[in-house]
Amino acid sequence: MQFHGIHGLNIAVHDLEQWTRRFEEVFEMASKPVDESGFAFPGLRGASFDINGFHLNLIASDAESTSVSRFLERRGEGVFLVSVGVQDVDVATRELRDVGLAPVLEEPVRGEGHAGVTFTHPRDMAGVQLEFIEVPR
């Protein structure tokens with residue numbers, strides 16, 4: 001699999017506004033709001049910090065049915081997933097299957113700001129959910 005590198009890190013939070021203010025204060029930079037259309041699944045919203053091409057995202061859930069909501073309930077706030085940039089998400093999805101992983105999604109999701117995204121289940125990667133994202137270069 002050809003990686004671009006680590007694209008970013010997503011942190012699950014209960015209070016998006018509180019943590020957005022805190023991160024903006026610490027990094028001395030404004031975040032970019034991310035609404036539901038910026039996520040592969042509905043019910044999520046966030047704030048994104050582009051730190052020299054590394055994307056640090058804070059994510060909150062407005063719905064109890066999301067994986068972020070379940071994560072917050074079980075583990076509390078913290079690192080939710082690591083995002084890895086790939087050249088071709090369709091190829092990456094096939095290659096994940098070739099190494100014995102079952103991607104969470106049958107087919108990659110296409111959306112705003114990326115050409116496609118797929119995920120591994122945390123149990124397959126030492127408790128860490130990986131996101132494989134194809135972004136325009």
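Within region 51-67, track down each residue that is out of contact with any Phe, Trp or Tyr (no Cβ under 9 Å at 6 or more places or on another chain), closer than 16 Å to Val82 by Cα and not small (Gly, Ala, Ser).
Result: Phe54, single match.
Taking the stated definitions as given, is Val99 more than 24 Å from Gly53 (Cα to Cα) and at pLDDT 90 or above?
Numbers: more than 24 Å from Gly53 (Cα to Cα): yes; at pLDDT 90 or above: yes.
The answer is yes for Val99.
Which ones in region 73-104 are of a type in the set (A, V, I, L, M, F, W, C) and in contact with a strand residue (DSSP E or B) (Cβ under 7 Å, 6 or more places away or on another chain)?
Scanning region 73-104 gives Val79, Phe80, Leu81, Val82, Val84, Val86, Val89, Ala92, Val104.
Which condition breaks for Ser61 when tested against (1) within 14 Å of the chain's Cα centre (by Cα); (2) at pLDDT 95 or above; (3) of a type outside the set (A, V, I, L, M); (4) surrounded by fewer than 18 Cβ atoms within 10 Å (Cβ to Cβ)?
Against the list (1) within 14 Å of the chain's Cα centre (by Cα); (2) at pLDDT 95 or above; (3) of a type outside the set (A, V, I, L, M); (4) surrounded by fewer than 18 Cβ atoms within 10 Å (Cβ to Cβ), Ser61 comes up short only on (4).
Considering each residue of region 1-30, count those that are assigned to a loop (DSSP other than H, G, I, E, B), free of Cβ contacts under 8 Å to residues at least 40 places away in the same chain and within 25 Å of Glu64 (Cβ to Cβ), and give that number.
Residues in region 1-30 being assigned to a loop (DSSP other than H, G, I, E, B), free of Cβ contacts under 8 Å to residues at least 40 places away in the same chain and within 25 Å of Glu64 (Cβ to Cβ): 0 in total.
So which residues in region 106-124 are surrounded by 14 or more Cβ atoms within 10 Å (Cβ to Cβ), closer than 23 Å to Arg75 by Cα and more than 13 Å from the chain's Cα centre (by Cα)?
Asp124
The values are calculated or read from the model by the stated rules, or taken from the named source; none is laboratory data. The structure displayed is predicted, hence computed values, not measured ones. Quick reminder, even Gly has a Cβ in these numbers, built from the backbone with ideal geometry, and neighbours come from all protein chains shown.
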